[in-house]
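**Student:** Take a look at this one; I'll ask things after.
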Amino acid sequence: MHKGKVIVASMMVFCVLIFIAAIAWFMVFQGEVTEPTSEEKNAAILHAAGLLKSDAQDEKTINNLFQRYILARKVNLDSGEWVADDAMTQGCKKLAPEHDPARIHQRCIIADVYLVKNKNNKIQQIIIPVFGKGAKSMMHAFLALDLDGRTVKNLYYYQQRETPFLGARVEDENWRKQWPGKKVVDNNGKPALKIIQEKPEHIDEYTVDGISGATLTSTGVEKSINYWTGEQGYGRFLQRITRDPDIMMP
């Protein structure tokens, strides 16, 4: 009898803790993500480049690494050509729903690109920002690509408010480790990424296993990456890289 009471009491305590956790999650995580700060972006870029292994780095270290290894450039998304580094974001237009699969609401012509250098100042990677709507929030990430403009080196999500233990696993290292080596555009330069929830017998170089229990988040990742590697995003720029890698010379 005493044992039964202990079990019941334990279950009640467990339910109360779950309820408190749910309330805390609702208060902390609900709502749209604010625009990331420049410090958050710089740290995330270094993570995507594989140059920052821990979040426990001071601001000075992050700034020094960024200045040493990252070359920030700007590109015209309509032409795929470089523009002056001091060019301001311009030509932003509201997107109609049928032209906004990533649900970003507006598109600007001038966009950022980050080139990753080694110690000899040779360009090793290209990093582009990608963002789009998930199940509950706008998800911000950096996509690191090889010099072919197609092959993934890393995908690093650094700001999102998806459901904890489900969609929020876009930041989980175990999920992210399947991305290196995948291709986001096909041989014709068209977006080709597929994220699937049910793992098939054979996964090709364009396919990524989705997050279990987070279909809407996985779909949001697929749509945002395909948008930003397509014609409305960095598609023309990536095609130029494929044709002439020398355009990335600093």
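**Student:** Considering only segment 204-250, state which residues are buried (at least 18 other Cβ atoms within 10 Å of the Cβ), hydroxyl-bearing (Ser, Thr, Tyr) and farther than 28 Å from residue 81 by Cα.
**Tutor:** Hits for segment 204-250 are 207, 217, 218, 219.
**Student:** Among the residues of segment 185-200, which ones are open to solvent by less than 80 Å² (accessible area, probe 1.4 Å), farther than 17 Å from residue 216 by Cα and either touching a Gly at 6+ places or on another chain (Cβ under 9 Å) or basic (Lys, Arg) (or both)?
**Tutor:** 185, 189, 191, listed by residue number.
**Student:** While we're on this one: Restricting to segment 129-143, count the residues that are of a type in the set (A, V, I, L, M) and open to solvent by less than 10 Å² (accessible area, probe 1.4 Å).
**Tutor:** Number satisfying all stated conditions: 4.
**Student:** Is it the case that segment 100-119 has a residue that's surrounded by fewer than 16 Cβ atoms within 10 Å (Cβ to Cβ), without any contact (Cβ under 8 Å) to a residue 40 or more places away in the chain and in contact with a Phe, Trp or Tyr (Cβ under 9 Å, 6 or more places away or on another chain)?
**Tutor:** There is at least one residue in segment 100-119 that is surrounded by fewer than 16 Cβ atoms within 10 Å (Cβ to Cβ), without any contact (Cβ under 8 Å) to a residue 40 or more places away in the chain and in contact with a Phe, Trp or Tyr (Cβ under 9 Å, 6 or more places away or on another chain).
**Student:** Quickly run through segment 75-124 and pick out the residues that are of a type in the set (Asp, Glu), closer than 26 Å to residue 216 by Cβ and outside any helix (DSSP H, G or I).
**Tutor:** If the condition is that a residue be of a type in the set (Asp, Glu), closer than 26 Å to residue 216 by Cβ and outside any helix (DSSP H, G or I), then 100 is the only one that fits.
**Student:** What number goes with the only condition from (1) within 23 Å of residue 55 (Cβ to Cβ); (2) out of contact with any helix residue (DSSP H, G or I) (no Cβ under 9 Å at 6 or more places or on another chain); (3) open to solvent by 70 Å² or more (accessible area, probe 1.4 Å) that residue 169 does not pass?
**Tutor:** All conditions are met except number (2).
**Student:** Is it the case, given these coordinates, that residue 177 is loosely packed, with under 14 Cβ neighbours inside 10 Å and under 15 Å from the mean Cα position of the chain (by Cα)?
**Tutor:** For residue 177, the condition - loosely packed, with under 14 Cβ neighbours inside 10 Å and under 15 Å from the mean Cα position of the chain (by Cα) - is met.
**Student:** Shifting gears a bit: Which condition number does residue 126 fail, the rest of (1) surrounded by fewer than 20 Cβ atoms within 10 Å (Cβ to Cβ); (2) within 22 Å of residue 227 (Cα to Cα); (3) touching a Phe, Trp or Tyr at 6+ places or on another chain (Cβ under 8 Å) being met?
**Tutor:** (1)
**Student:** Can you name the strands (runs of 3 or more DSSP E) wholly within segment 138-250 that have at least 2 residues being at pLDDT 95 or above and of a type in the set (A, V, I, L, M)?
**Tutor:** 138-145, 152-159
The values are calculated or read from the model by the stated rules, or taken from the named source; none is laboratory data. Note that the structure is a prediction, hence the values are computed from the model and not measured. Cβ atoms come from the backbone with ideal geometry, glycine included; neighbour counts cover every protein chain shown. Surface accessibility is based on the protein's heavy atoms, side chains included, excluding ligands, DNA and RNA. Shrake-Rupley method; radii C 1.70, N 1.55, O 1.52, S 1.80 Å.
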